[in-house]
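**Q** Attaching a single structure in structure tokens format; questions to follow.
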Amino acid sequence: MDDEETKTSDPVVSPEQHQETMVVTQVRSLKDLLDRVTGRGEYSPESAEDSGIAEILPFPFLAMVGQREMKLALLLSLINPAIGGVLLVGPRGTGKTTAVRSLIHLLPMVSRSLCYYGCLPEDIESAGVDSVCPDCARKYAEGKPLVKLDSVRLVELPLNSQLDDVIGGLDERAAAHDRMRLKRGLLAHADRNLLYVDEVNMLEDDVVDALLDASTQGYFTVRRGPLAATYWSRFVLIGSMNPEEGRLRPQIQDRFGLRVVVRGLDDIEERLEAYKRVHTYLTNRRYTIEEYQLETDIAKAEIQTAREIMNKVVLPDEVARIGLELINRLKIDSLRAEITLFESARAHAAADARTMVTKDDIQEVVLMSLRLRRSGFITDYIEQQQAEDNEILQAQQTAFHGSIG
Ligand SMILES: [Zn+2]
């Protein structure tokens, strides 16, 4: 079975470069950068001539005007995959897809296993050499690397995807040579990457099931005739949807960590600025990207740094209790609510270059972590059940009293 994860990408910004750019612009942290750069900035009309470049150059993340909550949610989910990704809900033309694709400029590095089975040095460190394949056990003993650094990728799941595209199926090229072989599907390619599903509410049911399966377990198994294969599939799920076009199944809605309701810009000046920037970008993409290059590089380095301090970020009990009190008051059942709330608060602290979560971190992420968590159906259902329980208890009391009296 081949493994296509052998492409290399640019090395991460070195500490020296990082230091230098930081001095140039005096940005204190990623959070600071987000507040300072986006939604403002100068428009330079002396820009645009067509460079004739046909390649896809996404709009720079930091050039997006306003939409702070959407941008913060996306950045936090890049910093901490444990948040569980982001769902963007809103009408068409509000920049949801643009924002997600613009993350391409900011994607951090991860260490990827060099082995087909996905063996990692951490596996050996936590569970001994028997936890990896014999090949990797030997390499580890010889001091050879089991992983390589590689950029996170943005993998898009197209709306019209069929189950075979998503989980993989028989490899037709191999079949043409009379060989039976399985082909990796999108969910396998999404391992340790971002998986973006636009119009997530319009997916076919079998595709949604496969997506849920993989995101719950972190792997999935494909069976085609006599062949079977299991693939890693640990991805950060980013979805967008227009609620006018249909509702999202509750199981998949629950899978998303952060939830942002995206509206159009309501400030006329912001809207004008956004129009101008998009116009400049459409006239000369490379110019717009270069205009934001320095800040983009800083943001990328900051995301990497924040990811590296994530496991040092501590959530004190007294701060956790405030969050749980909130969830309790809101009568939210899903345990994913506090996982997302706490993990995003930790990422928010890391984005601000701190290793201690404060009440303010909770406050900054509370809306995006807890909204769209309650279900009218469940509330009604529980109320009905309580009414029924009361009836049973009353009937029982009457019967008991009756029999005693
Ligand atoms: Zn291995």
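**Q** Would you be able to say whether some residue in the stretch 98-112 is part of a strand (DSSP E or B) and either within 16 Å of the ligand (Cβ to nearest atom) or over 26 Å from L57 (Cα atoms) (or both)?
**A** Yes, the stretch 98-112 contains at least one residue that is part of a strand (DSSP E or B) and either within 16 Å of the ligand (Cβ to nearest atom) or over 26 Å from L57 (Cα atoms) (or both).
**Q** Here's something else I'd like to know. Scan (1) free of Cβ contacts under 8 Å to residues at least 12 places away in the same chain; (2) closer than 30 Å to H348 by Cβ for the single condition Y219 breaks and write down its number.
**A** (1)
**Q** For the condition farther than 25 Å from L88 by Cβ and at pLDDT 95 or above, what is the one hit in T358, T398?
**A** On inspection, the qualifying residue turns out to be T358.
**Q** Out of the strands (runs of 3 or more DSSP E) lying entirely within the stretch 165-274, which hold 3 or more residues that are open to solvent by less than 10 Å² (accessible area, probe 1.4 Å)?
**A** Per the criteria, 194-198, 236-241, 258-261.
**Q** Identify all residues within the stretch 300-345 that are among the charged types (D, E, K, R) and assigned to a loop (DSSP other than H, G, I, E, B); write none if there are none. Spell out how you get there, then give the answer.
**A** Our first condition is that a residue be among the charged types (D, E, K, R); within the stretch 300-345, this holds for 300, 302, 307-308, 312, 317-318, 321, 325, 329, 331, 333, 336, 338, 343.
Matches in the stretch 300-345: K331, D333.
**Q** Would you pick out the residues in the stretch 134-152 that are surrounded by 15 or more Cβ atoms within 10 Å (Cβ to Cβ) and within 10 Å of the ligand (Cβ to nearest atom)?
**A** Selection gives C136, A137, K139, Y140, L146.
**Q** Scan the stretch 346-370 and report the pairs whose first residue is part of a loop (DSSP other than H, G, I, E, B) and whose second residue is acidic (D, E) and open to solvent by less than 50 Å² (accessible area, probe 1.4 Å), with Cβ atoms within less than 8 Å and a gap of 6+ or a chain change.
**A** Pairs found: D352/D32; D352/D361.
**Q** If you don't mind, there's one more thing I want to ask. Go through the stretch 113-123 and give me each residue that's part of a helix (DSSP H, G or I), touching a helix residue (DSSP H, G or I) at 6+ places or on another chain (Cβ under 8 Å) and surrounded by fewer than 18 Cβ atoms within 10 Å (Cβ to Cβ).
**A** P121, the sole residue that qualifies.
**Q** Quick check on my filter: what residues within the stretch 59-79 are touching a strand residue (DSSP E or B) at 6+ places or on another chain (Cβ under 9 Å) and either buried (at least 20 other Cβ atoms within 10 Å of the Cβ) or part of a loop (DSSP other than H, G, I, E, B) (or both)?
**A** Matches in the stretch 59-79: Q67, M70, L72, A73, L74, L76, S77, L78.
**Q** Right, another one. Just checking, which of A274, A306 is more than 24 Å from R92 (Cα to Cα) and touching a residue at least 12 places away in the same chain (Cβ under 8 Å)? Outline the logic, then answer.
**A** On the way: A274 fails: more than 24 Å from R92 (Cα to Cα).
A306 is the lone residue from the list that is more than 24 Å from R92 (Cα to Cα) and touching a residue at least 12 places away in the same chain (Cβ under 8 Å).
The values are calculated or read from the model by the stated rules, or taken from the named source; none is laboratory data. Keep in mind it's a predicted model, so treat the numbers as computed, not measured. Heads up, the Cβs are rebuilt from the backbone with ideal geometry, glycines too, and the neighbour counts pull from every protein chain shown. We work out accessible area using only protein heavy atoms, side chains counted, and drop any ligands, DNA or RNA first. Shrake-Rupley method; radii C 1.70, N 1.55, O 1.52, S 1.80 Å.
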